[in-house]
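As structure tokens, the structure follows; a few thoughts come after it.
Values quoted throughout were computed directly from the atomic coordinates according to the rules given, and no laboratory measurement underlies them. Given the structure is predicted, the values throughout are model-derived calculations rather than measurements. So basically every Cβ, Gly included, is an ideal-geometry build from the backbone, and we count neighbours across all protein chains shown.
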Amino acid sequence: MRFIGSVIEKLQRHPKRIVFPEGTEPRVLQAARQFYSLRLGVPILLGDRSKVKEAAERLNVSLEGVRIINPEQSEETERFAKHYVEVRRSKPVSEKEAMEVVQRPNYFGAMMVALRQVDGMVSGTNEISGSVLRPLFQIIKVGPRRATASSCMIMEIENLSFGENGVLFMADCGVIPDPNVEQLADIAVSTAQLARQLLGTVPRVAMLSYSTKGSATHETIRKVRSATTLAREKATTLRLEAEFDGELQLDAALVPEIAARKVPDSKVAGKANVFIFPDLNSGNIGSKLVQHIARANAYGQILLGLDRPAADVSRGSNAHDILGVAAILGLQAIAYDLLYWEHSREQARKTEEKGSQGPEGAGAV
């Protein structure tokens, strides 16, 4: 079974709620209908109810099982506005301004995600990235044990000899223009975690460069080397089973015959399934080359590092791409619940242990 089919099969056992702020967009309507028809959960469309219904009628798309919410008429708008005032305390806004802001679909959707009313949000079919990312980064924030928000593209290509049976994870392709060492390591670890969850195999992470193991010398190459070392350390701390290697050229990471000549002892080279680009230029260009030249099914941008699942899809996405992204977010949400429940339990245990020790300096009586 190909990648997205396996994702759909898993999600059918744990249906989730996904909000789509672009409720009148034809591709979104088609994806929402398929999401419900495949028993993946409840799709929620934002927008004027009459306009959403008119758009669906024009496409002959049934809205059975699909929820529609108009942010301008919702009973939740006042509550969302108060929450927005709270999260924006560092850059204060008035309650009136907050009311106007949260009635915008992307902000309303981000609020639904942040307040656990839905399990994930998919937007971007008609929006530039800033219009999608800004509300998410303002409202949802970076999650526990995370320092960096980034993004990942998942490519499903016909040639099964590449990646993991034709599945490639690529990051960062949409958020950080020029990541530093710490950020690059975070991107690598977050992408490896997603690959581990979705593939069920050990991620083999290639830290990409125009050099392979010292074939060139430059500050950008030193950054990749340092990030590789740091990523290994972070993965160990998180008990993440993954292999990291770098710096590697793309051919050395991808092609076994070339890897055998350049880095014969590597556990990653020639068989990488996760590809970490040194900057956003290379990541965005590289992912689009694969998508269009290899005619890959492209799912993303899946946002990483936030404490709730969300995605900023390309304006070139079709209904199948949007459905795939929504399914991936739903599957992510299952692991998010486990991850942060464990984090909360760990914090509670530490607090309890600290409390049981009594005040500093106290001893037995």
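Using every pair of separate Cα atoms, the Kirkwood estimate puts the hydrodynamic radius of segment 219-279 at 12.0 angstrom. Within straight-line reach of residue 141, meaning a Cα separation under 14 Å, sit the following aspartates and glutamates at least 8 residues removed in sequence or on another chain: 86, 307. Excluding same-chain neighbours fewer than eight residues apart, the aspartates and glutamates reachable from residue 271 by a Cα-Cα span under 13 Å are 164, 243, 245, 251, 257. Spatially close Lys pairs in segment 4-123, defined by Cα atoms under 29 Å apart and a spacing of eight or more places or different chains, total 7. Judged by the mean number of other Cβ atoms found within 10 Å, the most tightly packed of the peptides 326-332, 37-43 leads the ranking 326-332, 37-43.
Scanning the chain for long hydrophobic helices, with DSSP H runs required to stretch 20 angstrom or more by C-alpha along their axis and to average at least -1.0 on the Kyte-Doolittle scale, returns 181-199, 219-237, 319-356.
Among 305, 200, 286, the largest mean-square fluctuation in a Gaussian network model of the chain, built with springs joining Cα atoms closer than 10 Å, belongs to 200.
Taking amide H positions as modeled 1.01 Å from N, with prolines and chain starts lacking one, the residues under 5 Å from residue 42 and 5 or more places away or on another chain are 16, 17, 18. The magnitude of the dipole of the chain, with charges of +1 and -1 set on the Cβ of Lys/Arg and Asp/Glu and taken from the Cα centre, is near 280 debye. Using the Cα gyration tensor of segment 1-141, with a ≥ b ≥ c the square roots of its eigenvalues, what is the shape: rounded (a/c below 1.5), prolate (a/b larger than b/c) or oblate (neither)? Verdict is prolate for segment 1-141. Based on alpha-carbon atoms, the Kirkwood radius and the radius of gyration of the chain give Rg/Rh equal to 1.01. Listed by chain and number, the lysines whose alpha-carbon sits under 18 Å from that of residue 267, ignoring those within fewer than 8 places in the same chain, are 213. Shown here are the Rg and Dmax of the Cα trace of segment 142-305, at 14.1, 41 Å.
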